[in-house]
Amino acid sequence: MAEFFKDIPVIKYEGPNSTNPLSFKYYNPDEVVGGKTMKEQLKFALSWWHTMGGDGTDMFGVGTTDKKWGKTTPEEISFAKVDAAFEIMTKLGIEYFCFHDRDLSPEYGSLAETNEKLDRVTDYIAEKMKADPTKKLLWGTAKCFDHPRYMHGAGTSPSADVFAYSAAQIKKAVEATVKLGGNGYVFWGGREGYETLLNTNMALEQDNMARLMKMTVDYARSIGYKGDFYIEPKPKEPTKHQYDFDTATVLGFLRKYGLEKDFKMNIEANHATLAMHTFQHELRVARDNGVFGSIDANQGDMLLGWDTDQFPTNIYDTTLCMYEVLKAGGFTNGGLNFDAKARRGSFKLDDIFYSYIAGMDTFALGLRIAAKMIDDGRIDKFVEDRYSSWTTGIGADIISGKATLEDLEKYALEKGEVVDSLSSGRQEMLESILNNIMFSL
């Protein structure tokens, strides 16, 4: 097996004072934070699509990075990707990976041949995982959006033939996920949406998407899958309006079709901001509704209106993310998948390592700060005090269901004006406390 990164050593923790770019400054995998090691809390995962295949191609230009891994035929490239990915994970100390089926192996002449070629690659990955049991599959999914057959959607296509084809592809992707021991399977509706309602039967499309999800759950459980199913919300791009707009929208969909017991959320930072939310907001909605599952770790550029999938370097965002994760009790089957790509101009293969180091360090620092926020207690205590009126008196009566509308009218008439019951939200003070916690590590 070839070594693709001979000049890259195993990346080690050297501390914040190190100037070695090939070292971790904040990610110390064995350091205990919040009752678990950093490695356990963060559960970093490699994204097969961006890391192993993304070559810098964008809508204005061809690729700038050679991701053929020294091979020429599609099958040779697929196997070389496996070797390169395991080397990258080993040198970075990453234990998990995620994939779309077509990232592992492309389409060939027929679905039968495509499936047979995919089996060869997943068999090879299984061999590698057996040789190195530290490597695990976080989740798998099917790439039902890039081929021309999916131009009008997959599960939401107006063509029943396309729906059937996508179902067959998803079935195989689920089998690959089960084969590799994955505890997560993701639905991301790459083209499950519309450009105009003038040609769209929205009700039928969403009914059909639910039908496909139910079929998938039933089949996966029948072959022994015991993990989580995730939906990854995104408001737009590639379609103008995607049906999985944000976490709240997806919750409505799941509850309408009786799928809420089977599905959780895979929250992506860049998708949250495209929906005009913060990353923390989407995580909070998921946590409050018991559907927090996994995370696609990246960030967008607020000056650009599309999904830039940058490696996360914003410490405020990762801090508030990990605050929500810790408050949710940490990850169970999910983790932090780096759905992120080096910038087009960062075209050298060793930029993979610089990018991952930056992202891993940023989340490690966010974890440390989030744990300190919780231990410090000032922010949580402020929130608790702000809502204290709901624990006694009329507030407690409302919460318990004891108070009627007539009772509340009587209470309001007797009490009169209630402005004096309000307290300051003290946003600026709380943001200052967060800064104080952040910079006193």
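Taking amide hydrogens as placed 1.01 Å from N in the peptide plane, the amide H of G184 sits under 5 Å from those of G140, D228, each at least 5 positions away in sequence or on another chain.
Note on Y96: accessible area is roughly 40 Å² with a 1.4 Å probe, heavy atoms of protein only. Here r is the Cβ-Cβ distance between L303 and A160 and R0 is 30 Å; the resulting FRET efficiency, rounded to 0.05, is 0.10.
Converting phi to 3J(HN,Hα) with the Karplus coefficients 6.51, -1.76 and 1.60 and the offset θ = phi - 60°, region 181-189 yields x, x, 10, x, 9, 10, 9, 10, x Hz in sequence order, with x at every glycine or proline. Here the extension length gained between D132 and Y411 equals 93.7 nm, from 0.36 nm per residue of separation less the Cα-Cα distance. When both bridge partners sit in the chain, DSSP labels roughly 20% of those beta bridges antiparallel. Considering only N17, N333, N28, the Gaussian network model of the chain with Cα springs below 10 Å gives its largest mean-square fluctuation to N17. Computed extension gain for M276 through K381, at 0.36 nm per residue and net of the alpha carbon distance, reaches 35.0 nm. Surface exposure of region 61-144, expressed per residue as accessible area with a 1.4 Å probe, stands at 38 Å². Quick one: with all protein chains in place, what share of the accessible area of the chain is carbon or sulfur, to the nearest percent (1.4 Å probe)? Percent of accessible area from carbon and sulfur atoms in the chain: 55.
Counting only protein heavy atoms and a 1.4 Å probe, region 281-386 has 40 square angstrom of accessible area per residue. Here is how the number arises for the chain: DSSP H runs of 4 or more residues each give -39500 (n - 2.57), the sum is divided by the residue count, and the result at 222 nm is -14000 deg cm²/dmol. Distance from the alpha carbon centroid of region 60-97 to that of region 188-225 works out to 31 angstrom.
Filter K179/K214; K43/K264; K372/K402 down to the pairs with a C-alpha to C-alpha distance above 28 Å, please. Going by Cα-Cα distance, K372/K402 fall outside the 28 Å limit. The calculated FRET efficiency for E40 paired with S110, based on their beta-carbon distance and R0 = 45 Å, is about 0.55.
Assign one of three labels to the chain, namely rounded, prolate or oblate, based on the Cα gyration tensor with a ≥ b ≥ c the square roots of its eigenvalues; rounded applies when a/c is under 1.5, prolate when it is not and a/b is larger than b/c, and oblate otherwise. Here the chain falls in the oblate category.
The values are calculated or read from the model by the stated rules, or taken from the named source; none is laboratory data. Every value quoted in this text rests on a predicted model; they were computed, and no experiment measured them. Cβ coordinates were reconstructed from backbone atoms using ideal geometry, including for glycine residues, and neighbour counts include every protein chain displayed. Accessible surface areas use protein heavy atoms only, side chains included; no ligands, DNA or RNA. Shrake-Rupley method; radii C 1.70, N 1.55, O 1.52, S 1.80 Å.
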